[in-house]
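**Student:** Following this message is one structure expressed as structure tokens.
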Amino acid sequence: MELWLREIESDDLHIGIRVSRVLHRERSRYQDIAIVDTPGLGRMLVLDGIVQTTVKDEFAYHEMIAHVALMSHPNPRRVLIIGGGDGGTVREVVKHTSVERVDLVEIDERVVALCREYLPELSASFDDPRANIIIGDGVEYVKKVQGQYDVVIVDSSDPIGPAVGLFREEFYRDVYRALDDGGLMVAQTESPFGTPQLVRETAAAVARAFPPRAYVYLATVPVYSLGEWSFTVGSKGPDPSQPRLPEDAPLPFPTRYYTLELHRAAFALPRYVQELLGLV
Ligand code: SAM
């Protein structure tokens with residue numbers, strides 16, 4: 001028998017991924033969670049039918065959501081991740097020796113528990129002594145903190161269910177207050193090709209919360225909605241398109257996607273994205 005996961009992008013576009021084994025499936029308090037093995041992409045975490053991460057291509061997303069902000073800040077010590085219950089972003093953050101503490105606020109404890117069990121490639125980083133896992137709603141968490149973080153990374157799922165609030169201007173204003181002077185926020189902000197209006201509205205919301213502007217950059221994440229994926233940065237100081245090291249310096253940690261050259265290049269946007277954001 002053949003088993004296929006059908007990810008529904010829109011009424012007119014479905015993506016099929018062959019599944020070799022369903023390792024776990026449950027309905028948590030917040031979402032439908034599946035961990036499956038696939039011959040093409042390795043093990044995958046699927047929430048509400050949407051692929052969150054695959055062992056084969058997760059490095060692109062996790063390196064690009066973590067290292068751009070962390071390499072733009074002159075000395076990132078305190079980091080907050082909202083969402084990110086698979087652990088891939090923590091794994092990248094703790095590669096930075098300047099980081100003293102990384103708090104991860106994930107709403108669904110079952111995602112953390114299942115990724116610990118089935119996706120050790122990502123979740124082993126939870127055992128780093130600098131990592132502190134908090135089970136709770138990131139929207140509520142940031143309301144209570146002030147000036148506490150150098151970098152905030154919003155590694156959320158798509159804007160449905162509990163993640164809706166992570167795409168709102170009010171939340172970005174709270175993140176602004178949670179950051180220390182010179183701090184940066186980066187959020188995954190979906191596909192400019194698949195959901196252009198969402199990318200435009202989210203960038204505008206970040207720009208209002210972090211005047212004078214939001215910075216959008218792109219990375220290619222093969223399994224996410226047709227490949228091209230956006231991230232939006234709000235900065236209280238540093239220009240996020242400029243890493244603190246010169247381009248020919250050796251990177252102080254191993255990567256498979258991120259390079260200093262690519263860091264700068266990621267901010268060079270295709271014309272259709274410039275138009276979408278009203279930059280031309
Ligand atoms: N890389 C992924 C992507 O873009 O598809 C997202 C990774 S991570 C698995 C997303 C996590 O955000 C989920 O585990 C989900 O439970 C969590 N999440 C959603 N809403 C949240 C909220 N309000 N506060 C904290 N975590 C939240």
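Read-outs: derived from the displayed coordinates by stated rules, not from any lab. Quick caveat, the model's predicted, so the values are computed rather than measured. Methodologically, a virtual Cβ is constructed for each residue, glycine included, from the backbone with ideal geometry; neighbour enumeration extends over all protein chains shown.
**Student:** Which residue, of T89, T53, is in contact with a Phe, Trp or Tyr (Cβ under 9 Å, 6 or more places away or on another chain), touching a residue at least 12 places away in the same chain (Cβ under 8 Å) and farther than 16 Å from F253 by Cβ?
**Tutor:** None of the others qualify; the one that does is T53.
**Student:** Moving to a separate point now. Restricting attention to the range 43-76, which residues are part of a helix (DSSP H, G or I), within 11 Å of the ligand (Cβ to nearest atom) and surrounded by fewer than 24 Cβ atoms within 10 Å (Cβ to Cβ)?
**Tutor:** A60
**Student:** Could you give every pair whose Cβ atoms fall below 6 Å, whose first residue belongs to the range 234-245 and is basic (K, R), and whose second residue is outside any strand (DSSP E or B), counting only separations of at least 6 or pairs across chains?
**Tutor:** Going by the 6 Å Cβ cut-off, the qualifying pairs are R244/P74.
**Student:** Here is a further query. Please state which one of V152, V145 is farther than 28 Å from A34 by Cβ, within 13 Å of the ligand (Cβ to nearest atom) and not basic (K, R).
**Tutor:** That would be V152, the only listed residue that is farther than 28 Å from A34 by Cβ, within 13 Å of the ligand (Cβ to nearest atom) and not basic (K, R).
**Student:** To continue, here is another question. Considering only the range 139-153, I want to know if a residue exists there that is under 24 Å from R27 (Cα atoms) and within 15 Å of the chain's Cα centre (by Cα).
**Tutor:** Looking for residues that are under 24 Å from R27 (Cα atoms) and within 15 Å of the chain's Cα centre (by Cα), one finds none in the range 139-153, hence no.
**Student:** Go through (1) in contact with a helix residue (DSSP H, G or I) (Cβ under 6 Å, 6 or more places away or on another chain); (2) at negative phi and name the single condition I15 misses.
**Tutor:** With (1) in contact with a helix residue (DSSP H, G or I) (Cβ under 6 Å, 6 or more places away or on another chain); (2) at negative phi applied to I15, the lone miss is (1).
**Student:** What single numbered condition from (1) buried (at least 16 other Cβ atoms within 10 Å of the Cβ); (2) within 18 Å of Q188 (Cα to Cα) fails to hold for P243?
**Tutor:** Condition not satisfied by P243: (2).
**Student:** I've got another one for you. Only one of these is outside any loop (DSSP other than H, G, I, E, B) and basic (K, R): R213, R256, R244, R208. Name it.
**Tutor:** Being outside any loop (DSSP other than H, G, I, E, B) and basic (K, R) holds for just one of R213, R256, R244, R208, which is R208.
**Student:** Is it fair to say V111 is hydrophobic (A, V, I, L, M, F, W, C), touching a residue at least 24 places away in the same chain (Cβ under 8 Å), more than 18 Å from P240 (Cβ to Cβ) and not in a helix (DSSP H, G or I)?
**Tutor:** When the stated conditions are applied, V111 does not pass them.
**Student:** Against the definition (touching a residue at least 60 places away in the same chain (Cβ under 8 Å) and of a type outside the set (V, I, T)), how does A268 come out, yes or no?
**Tutor:** So A268 does not fit the description; no.
**Student:** Can you find, within the range 80-99, the residue that is nearest to the ligand (Cβ to nearest atom) among those that are part of a strand (DSSP E or B) and aliphatic (A, V, I, L, M)?
**Tutor:** Filtering the range 80-99 for residues that are part of a strand (DSSP E or B) and aliphatic (A, V, I, L, M), the one nearest to the ligand (Cβ to nearest atom) comes out as I82.
To keep it simple, each residue is scored yes or no on (1) more than 18 Å from P159 (Cα to Cα); (2) under 14 Å from the mean Cα position of the chain (by Cα).
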residue	(1), (2)
R173	no, no
L179	yes, no
M185	no, yes
Q188	no, yes
P196	no, no
R200	no, no
A204	no, no
P240	yes, no
L251	yes, no
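**Student:** Kindly indicate which of D158, D128, D103 is within 9 Å of the ligand (Cβ to nearest atom), more than 19 Å from F210 (Cα to Cα) and not β-branched (V, I, T).
**Tutor:** The match here is D158.
**Student:** Moving to a separate point now. Suppose we keep only residues that are within 13 Å of the ligand (Cβ to nearest atom) and not in a strand (DSSP E or B) within the range 172-197. Which one would you say is surrounded by the fewest Cβ atoms within 10 Å (Cβ to Cβ)?
**Tutor:** It comes out as G194.
**Student:** Which residues, counting only those in the range 7-28, are part of a loop (DSSP other than H, G, I, E, B) and either out of contact with any Asp or Glu (no Cβ under 7 Å at 6 or more places or on another chain) or among the acidic types (D, E) (or both)?
**Tutor:** Residues satisfying the conditions are D11, D12.
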